[in-house]
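K.L.:
Input: one structure, supplied below.
The values are calculated or read from the model by the stated rules, or taken from the named source; none is laboratory data. Just so you know, these numbers come straight off a predicted model, no measurement behind them. FYI the Cβ positions are ideal-geometry reconstructions off the backbone, even for glycines, and counts take in every protein chain you see. These accessible areas exclude ligands, DNA and RNA; they are computed on the full protein's heavy atoms, side chains included. Shrake-Rupley method; radii C 1.70, N 1.55, O 1.52, S 1.80 Å.
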Amino acid sequence: MSIAMSTAMSTQRRIAIVGAGPGGLTLARVLHVHGIPSTVYELDASATARDQGGTLDLDKESGQRALRHAGLLEEFRPLSRPEGGELRLLDKEADVGFRIPPPQDGDGNDRPEIDRRVLKELLLGSLPEGTVRWGQKVRAVAIGAAGRPTLTLADGTTVAADVLVGADGAWSRVRPLLSDADPVYTGVSFVDGLLNDVDTRHPAVAELVGRGSMFALADEKGLFAQRNGGGRIRVYIAVKSPEEWSRSGLIDPADPAATRKRLLDLFPDWDEGLRALIADNDGPLVPRPIHALPTGHRWDRVPGITLLGDAAHLMSPFAGAGANLAMLDGAELALALAAHDDLETALNAYETAMFPRAEAAATQSADHLVDFFQPDALRILRDTFTTMTAGGADR
């Protein structure tokens, strides 16, 4: 379909996207490439209102494919960090049980890393001014009297749309129009931490983690770390725990020292270099219970409404697929809307492809979550990565 035709069609379509994460912004960008305007409603007051999180490895067949449709792949490459593909698996004595070395020059483009903040800036910079409406809290969503989906914003404004897309994450306000499924706690919680200026201030930690990601696994728990841009390392302290205990029993925002001690006590006989990931933390320690939607989550077609990303298929981070799938969802939904005059045909085509793809990734994610917290997790993960790399790793 030509851009001119898409533009003519867009005069009869009002596309509302709730959520300015990677998926929602990719959808808006690919629609823009095809001459179709959209509006993104985002709760955050601005693009810099909160920390955007860690780094992402964009897969060639999902995240990078979405950027290709967005016309941004070449701009992405110099912003990415192929060296972030290094991986180390350690035991609790900090002995390396498995290592994928940093890619050599010309390699490593299958899953190069990029910080979430940098990716968001790339996508936002590619959109027309005013596409994202910041500080717009969605108070309610409904089907209006004319059968069109409507948003009610916190200031009382009502927005009617021809297409409403929930790109608003785990606790989506749009999802209840399609499904009564709620995210379920997986039994595993992370506590997020951050170390700054690591090569100067924390050189031993920097050496331990390397240029990419490090997983230390033992005793059905883990310390995970990933190198970010700007000399930072993100730390994820992972434990099995009841959900409420992970919030109230671990973290005391008023007493960071007590929180740090409580976390260190969970790893009493671990190597001191690994324990430094907790002891030397520079930022707040933030609890993050891990939730997931039911594997294979799907819904019957409701006119004018669909979901993408975590709103559609929230899963644990143990498949590394969340942001990649959200971006691919956004790109493919935009392509379907550009290719079909009939909106329901477009939404059905998108969902028909998205449902099985998401189910496969969610199944892998659920399986890996179990693997990471087995008593012999290091062996299981070493065998898994050995098979995946087919001899390309140091063991």
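K.L.:
Would you rank Leu122, Leu177 by solvent-accessible area, highest first, keeping every protein chain in place and using a 1.4 Å probe? Can you show the working numbers first?
P.N.:
Details: Leu122 20, Leu177 50 Å².
So, going from the largest accessible area down, we get Leu177, Leu122.
K.L.:
Could you tell me the accessible area of Glu272 in Å² (1.4 Å probe, neighbours in place), rounded to the nearest ten?
P.N.:
120
K.L.:
While we're on this one: Which order do the peptides 274-285, 123-134 come out in when sorted by mean C-beta neighbours inside 10 angstrom, highest first?
P.N.:
274-285, 123-134
K.L.:
What part of the accessible area of the chain, given as a whole %, is carbon or sulfur when the probe is 1.4 angstrom?
P.N.:
Looking at the chain in its full context, I get 52 percent from C and S.
K.L.:
Report, in whole Å, the centroid distance computed from the Cα atoms of region 194-253 and region 54-122.
P.N.:
18
K.L.:
Just tell me which lysines come within less than 19 Å, Cα to Cα, of Lys92; anything on the same chain fewer than 8 places away is out.
P.N.:
Lys221, Lys240, Lys261
K.L.:
By how many degrees, 0 to 90 and rounded to 10, does the Cα axis of helix 377-389 deviate from the longest principal axis of the chain?
P.N.:
60
K.L.:
Same structure again: With charges only on Cβ, +1 for K and R and -1 for D and E, what is the dipole size of region 248-339 about its Cα centre, in debye, rounded to 20?
P.N.:
Once rounded to the nearest 20, the dipole reads 320 debye.
K.L.:
Give, rounded to the nearest 20 debye, the magnitude of the charge dipole that the chain has about its Cα centre when Lys and Arg contribute +1 at Cβ and Asp and Glu contribute -1 at Cβ. The partial results should precede the final answer.
P.N.:
Numbers: 41 positive and 55 negative charges, 167 e Å.
With Lys and Arg at +1 and Asp and Glu at -1, about 800 debye.
K.L.:
Could you run the Karplus curve 6.51 cos²θ - 1.76 cosθ + 1.60 with θ = phi - 60° over region 299-312 and give me ³J(HN,Hα) per residue in whole Hz, x for Gly and Pro?
P.N.:
Per-residue couplings from phi come out as 8, 7, 5, 10, x, x, 10, 8, 10, 9, x, 4, 4, 8 Hz.
K.L.:
Follow-up. Could you give the angle, 0 to 90 degrees to the nearest 10, between helix 116-125's Cα long axis and the longest principal axis of the Cα atoms of the chain?
P.N.:
20
K.L.:
Moving on to the next point. Sort Trp245, Trp171 from largest to smallest accessible area, using a 1.4 Å probe on the heavy atoms of the protein chains.
P.N.:
Highest to lowest solvent-accessible surface, that is Trp171, Trp245.
K.L.:
Another question, then. Using a 1.4 angstrom probe on the protein heavy atoms only, line up Phe215, Phe372 by accessible area, largest first.
P.N.:
The residues order as Phe215, Phe372, largest area first.
K.L.:
So what is the accessible area of region 250-302 per residue, in Å², with the probe set to 1.4 Å?
P.N.:
48
K.L.:
Among DSSP beta bridges whose residues both lie in the chain, state the antiparallel percentage, nearest 5.
P.N.:
Working: 44 of 60 bridges.
In the chain, DSSP labels about 75 percent of beta bridges as antiparallel.
K.L.:
What is the dipole size for region 171-304, taken about its Cα centre, with +1 at each Lys and Arg Cβ and -1 at each Asp and Glu Cβ, in debye to the nearest 20?
P.N.:
Dipole size: approximately 540 debye.
K.L.:
Once amide H atoms are placed 1.01 Å from N in the peptide plane, what residues at a sequence separation of 5 or more from Phe98, or on another chain, have their amide H within under 5 Å of its amide H?
P.N.:
Amide H neighbours of Phe98: Leu89.
K.L.:
Taking the dipole about the Cα centre of the chain, with the C-beta of Lys and Arg at +1 and of Asp and Glu at -1, give me whichever of Val235, Ser172, Val184 is farthest to the positive side.
P.N.:
Farthest along the dipole direction, towards plus: Ser172.
K.L.:
Note the angle between two axes, namely the Cα long axis of helix 322-339 and the longest principal axis of the Cα atoms of the chain, as a number of degrees from 0 to 90, rounded to the nearest 10.
P.N.:
Relative to the chain, helix 322-339 is tipped by roughly 20 degrees.
K.L.:
Let me ask something else about it. Only helical DSSP H runs with n ≥ 4 go in: add -39500 (n - 2.57) per run for the chain, normalise by residue count and round the 222 nm mean residue ellipticity to 500 deg cm²/dmol.
P.N.:
Calculated at 222 nm, the ellipticity per residue is -10000 deg cm²/dmol.
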